[in-house]
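The values are calculated or read from the model by the stated rules, or taken from the named source; none is laboratory data. The structure presented is a predicted model; accordingly, all values stated were derived computationally and were not measured. As a convention, Cβ positions derive from the backbone with ideal geometry for all residues, glycine included, and neighbour counts pool all protein chains shown. Side chains included, ligands, DNA and RNA excluded: accessible areas come from the protein's heavy atoms. Shrake-Rupley method; radii C 1.70, N 1.55, O 1.52, S 1.80 Å.
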Amino acid sequence: MTTPPTLGRITTVPALDRPDLLAPPVASALAGWEHAGAVGVVEIDPAVADTAALAEAYDLTMDTGANCVVVAGRRDGEERIAACLVRADTRADVNGLVKRLLDVRKCSFLATDRAVEESGMEHGGITPVGLPVAAGWRILVDTRVLEMDVAVIGSGVRRSKLLVPGRLLTGLPGVEVVDGLAS
């Protein structure tokens, strides 16, 4: 049996034991993922869901979190969407590498209401776990996230966070590992 990860003052429980702390697509994705037993979830105050506030509240450094941003661009009338997971102390290279990977002329953040509706997750809780890859969403993960012993990521809702060994994220459906995704 795998023990769920801990980090600093955060102690988790197995994520599958608390589906009430997960957005439905996240719970569904975890239920079918071979590494789900290594994923922990912790309930938090939604007021500290943003990375900097969470780090301060739990005495974490910014390099323990990973942020997921959703971007889109168009090419020949076709919209291309990608979720980019980068360490919290970096920024996704949206107007450089991401734009080239999507092969679009211009890349911008997907409107919040669309990101929420199409992902089935709350703003501030979007995570690569359970994103709609079947609908064509790409999931780009920076190599530095994979090097994290434990990454604090969204759970699909603002009132909790997932803790997952970074190296396991390559096993999520649709993940593309990208060196230099963030700067």
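Residue count for the stretch 83-108 under the criterion of being of a type in the set (A, V, I, L, M, F, W, C) and either touching an Asp or Glu at 6+ places or on another chain (Cβ under 7 Å) or within 22 Å of ALA55 (Cβ to Cβ) (or both): the result is 6. Here ASP142 meets each of (1) modelled with pLDDT under 95; (2) among the charged types (D, E, K, R); (3) open to solvent by less than 30 Å² (accessible area, probe 1.4 Å) with one exception, condition (1).
Set side by side, the residues ASN67, ASN95 differ, and just one is among the polar types (S, T, N, Q) and modelled with pLDDT of 95 or more, which is ASN67. Looking only at the stretch 145-168, how many residues end up being buried (at least 16 other Cβ atoms within 10 Å of the Cβ) and over 21 Å from ALA49 (Cα atoms)? Result for the stretch 145-168: 2.
Go over the candidates GLU78, GLU122, GLU43 one by one and state the one that is open to solvent by 80 Å² or more (accessible area, probe 1.4 Å) and in contact with a helix residue (DSSP H, G or I) (Cβ under 7 Å, 6 or more places away or on another chain). Even if it seems obvious, please write down each step before you answer.
Numbers: GLU78 fails: in contact with a helix residue (DSSP H, G or I) (Cβ under 7 Å, 6 or more places away or on another chain); GLU122 fails: open to solvent by 80 Å² or more (accessible area, probe 1.4 Å).
Within the list GLU78, GLU122, GLU43, the selection yields GLU43.
Being among the charged types (D, E, K, R) and in contact (Cβ under 8 Å) with a residue 12 or more places away in the chain is the filter; apply it to the stretch 81-106 and report the residue that is surrounded by the fewest Cβ atoms within 10 Å (Cβ to Cβ). Show your work before the answer.
Pass one, the stretch 81-106, residues among the charged types (D, E, K, R): 87, 89, 91, 93, 99-100, 103, 105-106.
Among the residues that remain, those that are also in contact (Cβ under 8 Å) with a residue 12 or more places away in the chain are: 87, 89, 91, 93, 99, 103, 105-106.
Details: ARG87: 22, ASP89: 16, ARG91: 14, ASP93: 20, LYS99: 18, ASP103: 11, ARG105: 9, LYS106: 12.
Across the stretch 81-106, the extreme among qualifying residues is ARG105.
Every residue, every condition in (1) of a type in the set (S, T, N, Q); (2) within 20 Å of GLY130 (Cβ to Cβ); (3) assigned to a helix (DSSP H, G or I), yes or no:
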position	(1), (2), (3)
LEU16	no, yes, yes
ALA27	no, yes, yes
LEU30	no, yes, yes
ALA47	no, no, yes
ASP59	no, no, no
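Does GLU122 satisfy being out of contact with any Ser or Thr (no Cβ under 7 Å at 6 or more places or on another chain), in a loop (DSSP other than H, G, I, E, B) and among the acidic types (Asp, Glu)? When the stated conditions are applied, GLU122 passes them. Go through the stretch 3-12 and give me each residue that's in contact with a strand residue (DSSP E or B) (Cβ under 8 Å, 6 or more places away or on another chain) and either farther than 19 Å from ALA57 by Cα or part of a loop (DSSP other than H, G, I, E, B) (or both). PRO4, PRO5, THR12, listed by residue number.
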